[in-house]
Amino acid sequence: MDEHDFDEFYAASAQRITSQVYAMIGDRDEAQECVQEAFARAWTARRSLAHVQHPEAWVRTTAYRLAVSRWRRAVRGRRAPDRALQGTGTVAGPSETYVAVVEALRRLPEAQRQVVVLHHLADLPVQDVAAELGVPVNTVKTRLRRGRAALAEILGDDPPPEGGPGARVVEECRRG
C-alpha cells in the first residue's frame, strides 16, 4: 500500500470507523484519539496491511483495543490523557438519535454491544463479525438477538427519530 492508497483508505474509512468505535465505547473524544492512533500504527505497517484481507477491520480492532487499554489504565488510577492538547477545529456533533442509541448501547454487556455495533453500524455480515471477534457464528446470532431485545427494552416504545446513523438500529431493535 503506497502513500496515495493509504490516503484514500484513510479518507474513505476514518469517519466511519470513528463512529463505530464511539458506539462501542461511548466516548467520542476517546474514539477519535484511538482511531487516530490506530491509523498511525496502520501507516507504520502499511506494507503488510496491503496483504490483510480487511484493513478497515484491522484499524477498527486496533482502535477498540487501544480504547480498552486506556480504560484499564484509567481504572488503575492513572491520569487521563490531556484533552487541552487536542485540536480546536469544529466538528459537527452526532445526531440526537445517534446519542440515544450510544447511551442505550452503554447499558448492554460488552459482548452484545460489540456485535450490535459491528453488524448494524459497521454493516458487517454475521460471518465477518464472528471472524473479527473470533467466536462462532451462532454465538454472534445469539448476542445479536439478545442485544436487540435489550435495546428495544431500553429505548422504549416511542417512534424512532428520523435520520442519523442510529435510526436504523433503533428501528431494528424495536422490530426484534
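The values are calculated or read from the model by the stated rules, or taken from the named source; none is laboratory data. On a predicted model such as this, the values are computed, not experimentally measured, just so you know. A quick note on method: Cβ atoms are made from the backbone with ideal geometry, for glycine too, and the neighbour counts reach across all protein chains shown. To get the accessible areas, we keep the full protein, side chains included, count just its heavy atoms, and leave off ligands, DNA and RNA. Shrake-Rupley method; radii C 1.70, N 1.55, O 1.52, S 1.80 Å.
Could you do me a favour and compute the accessible area per residue for region 7-78, 1.4 Å probe, result in Å²? Present the calculation step by step, with values, prior to reporting the outcome.
Values: 3940 Å² over 72 residues.
Result: 55 Å² of accessible area for each residue.
Once you put a point 7 Å from the Cα of Ala11 and another 7 Å from the Cα of Ser48, both along the Cβ direction, what distance in nm separates them?
Spacing of the two 7 Å Cα→Cβ label points: 2.8 nm.
For Asn138, what charge total do you get from the other residues with a beta carbon under 14 Å from its beta carbon, if Lys and Arg give +1 and Asp and Glu give -1? Numbers along the way, then the final one.
Numbers: positive: Lys141, Arg143, Arg145, Arg146; negative: none.
Overall, the nearby charge balance is +4.
Once you have the Cα-Cα distance between Glu153 and Ala111, take 0.36 nm times their residue separation minus that, and quote the gain in nm to one decimal.
Working: separation 42, 0.36 × 42 = 15.12 nm, distance 1.76 nm.
Using 0.36 nm per residue and subtracting the Cα-Cα distance, I get 13.4 nm.
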